[in-house]
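Right, one structure below, let's go through it.
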Amino acid sequence: MSKPQIKILATYMRGGTSKGVFFRLNDLPRAAREPGPARDKLLLRVLGSPDPYGKQIDGLGNASSSTSKAVILSKSQRPGHHVDYLFGQVAIDKPFVDWSGNCGNLSAAVGAFAIHSGLVDSALLPQNGHADIHIWQQNIGKTIIARVPISGGQVQETGDFELDGVTFPAAELPLTFVDPADDEGALFPTANLVDKLEVPGLGSLDATLINAGIPTIFVRAGDLGYRGTELQGDINGDKAALARLEALRTAGALKMGLIKTPQEAATRQHTPKVAFVAPPTSYNASSGKTVAGDSIALCVRAMSMGQLHHAMMGTAAVAIATAAAIPGTLVSEAAGGAANRLRFGHPSGTLLVGAKAGQDASGNWQVQEVSMSRSARIIMEGWVRVPEECF
């Protein structure tokens, strides 16, 4: 006799240009409260993976890297922090959850969810104004500060802030990524601002390899045969192009020391990211609106989980802001010079980012913080059901 379904408290939220299923750690079944196969199997079933049809029909995923995500939160035991945030990128067609990096877009929803779900003491919240929620990002061991708008003692979700890639306006939610570079390695893992990568099918390419927000490989769009104005339809249906971009990602991962063999790249799909940059050029965004070349500093397109992203990952935006602030990177080159604050173009429109970066006494580059604004809101809350036998 088959076992019945069980129900688990969950909240479905949009954060930035992503959506995900949010859980409080203590609401998970006991076996899934610890990292391991039980947790992974549960999240795979919740999102509807692995799905050989690639649609995630039998779950809450929506067949894209931007919507196949899970977040687990708990009260933080770390001094100076309100909440611990763990992110899982759930593969769509494979039985795999990648815990190797953060989701910058869903970071925007973490502070709001923490308040909504009682993980932040209400006595710490103003009646009106903003609450600065200090978040410990467990995947990468970094602090994020979410400035959550408060109205009447509750999270204010509605407003007139418009975010390209999101249809409806909402309340603006500023994020600060504190010291976003990797503590275990240099901001530039090879110590070079530009490296040469030997990539099968592409030859020798210049690349900026940086680890801020998320490990990212930047190359010139022109070196790939692109203009930097491409939309998803220009790339995601081209299997040969996707294979070349994956070969580039693998070569960069090896150079950055993230993997030891090319075969390991398949088990680390979420990181590193690949992004290609170009000088500012006018183009039509995916919504149909025109992005004027004189309104942006550069064009950037980024790959996520093997597909061109529909907008820009928040963590990749951290890497873009950091690299743009440092003279000599391919990002600052495309922007016509280093800048601490700039607006770049992506497939859905534009995004304004800022970074504080400088050199230490030894001449090594460091980044103190990166800032940007997103928005977030609850879409649905209640219980998600999964067959008990699934984990």
So what is Rg over Rh here for the chain, counting just Cα atoms and using Kirkwood for Rh? 0.95
On a 0 to 90° scale, report how tilted helix 37-47 is relative to the longest principal axis of the chain, with both axes built from alpha carbons and the result rounded to the nearest 10. 90
Between VAL178 and SER2, how many nm apart are label points set 7 Å from Cα along the C-beta direction? 4.9
With contacts defined as alpha carbon pairs under 8 Å and 6 or more residues apart, what's the relative contact order of the chain in percent? 19
Considering only DSSP beta bridges with both partners in region 199-327, what is the antiparallel share in %, to the nearest 5? 75
Student exercise, region 307-391 dipole from Lys, Arg, Asp, Glu Cβ charges, in Debye to nearest 20: 360
Expected sort for 231-238, 131-138 on mean C-beta neighbours within 10 Å, highest first, is 131-138, 231-238
Let me have the relative contact order for region 274-368, percent, based on Cα pairs under 8 Å that are six or more residues apart. 27
Size of charge dipole - the chain - debye, nearest 20, with Cβ of Lys, Arg +1 and Asp, Glu -1, no other charges: 620
Tell me whether region 106-172 comes out rounded, prolate or oblate; compute the Cα gyration tensor, take square roots of the eigenvalues as a ≥ b ≥ c, and use a/c under 1.5 as the rounded threshold. oblate
What order do you get for 169-181, 64-76, 42-54 when each peptide is scored by the mean count of other beta carbon atoms within 10 Å, highest first? 64-76, 169-181, 42-54
Go ahead and run the numbers for FRET between SER287 and LEU242, Cβ-Cβ distance against an R0 of 30 Å, rounding to 0.05. 0.80
Tally the DSSP beta bridges in region 44-158 and give the antiparallel ones as a percent, rounded to 5. 90
All lysines inside 18 Å of LYS7 as judged from Cα atoms, apart from same-chain residues fewer than 8 positions distant: LYS41
Computed over region 66-117, the distribution of all Cα-Cα distances in 5 Å bins, rounded to whole %, is 5, 18, 27, 23, 15, 8, 4, 1
Classify region 254-335 as rounded, prolate or oblate from the Cα gyration tensor: take a ≥ b ≥ c as the square roots of its eigenvalues, call it rounded if a/c is under 1.5, otherwise prolate when a/b beats b/c and oblate if not. oblate
Please give the peptides 198-210, 290-302 ranked by average Cβ packing (other Cβ atoms within 10 Å per residue), highest first, as a rough proxy for protection. 290-302, 198-210
How large is the helix-only mean residue ellipticity at 222 nm for the chain, computed as the sum of -39500 (n - 2.57) over DSSP H runs with n ≥ 4, divided by its residue count, in deg cm²/dmol to the nearest 500? -4500 deg cm²/dmol
Nearest-10 value in Å² for the accessible area of MET303, using the 1.4 Å probe: 20
Relative contact order of region 196-236, please, whole-number percent, based on alpha carbon pairs below 8 angstrom and at least 6 residues apart. 23
Distance violations [Cα-Cα > 24 Å] among LYS55/LYS75; LYS239/LYS260; LYS94/LYS289; LYS94/LYS273; LYS19/LYS55; LYS3/LYS75: LYS55/LYS75; LYS239/LYS260; LYS94/LYS289; LYS3/LYS75
Measure nothing but the geometry: give the 0 to 90° angle between the long axis through the Cα atoms of 104-116 and the longest principal axis through the Cα atoms of the chain, rounded to 10°. 20
Considering only DSSP beta bridges where both residues belong to the chain, give the percentage that are antiparallel (nearest 5). 85
Under a point spin-label approximation (7 Å from Cα along Cα-to-Cβ), what is the LYS196-TRP383 distance to one decimal in nm? 6.2
So, for region 161-276, what is the accessible surface per residue at a probe of 1.4 Å, expressed in square angstrom? 44
The chain: angle of helix 314-324 to the longest principal axis, Cα-based, in degrees nearest 10: 30
Based on the Cβ-Cβ distance from ASN340 to LEU25, what FRET efficiency comes out when R0 is 30 Å, to the nearest 0.05? 0.20
Just to verify a number: FRET efficiency for GLN263 and ILE57, C-beta to C-beta distance, R0 = 41 Å, to 0.05? 0.85
For region 1-116, which whole-number percentage of the solvent-accessible area (1.4 Å probe, protein heavy atoms only) is attributable to carbon and sulfur atoms? 53
Positive-end residue of MET305, SER100, PHE22, charge dipole of the chain with Cβ unit charges: PHE22
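The values are calculated or read from the model by the stated rules, or taken from the named source; none is laboratory data. Since we're looking at a predicted model, the values are computed, not measured. Cβ: placed from backbone, ideal geometry, glycine included. Neighbour counts: every protein chain shown. All accessible areas refer to the heavy atoms of the entire protein, side chains included, with ligands and DNA or RNA removed. Shrake-Rupley method; radii C 1.70, N 1.55, O 1.52, S 1.80 Å.
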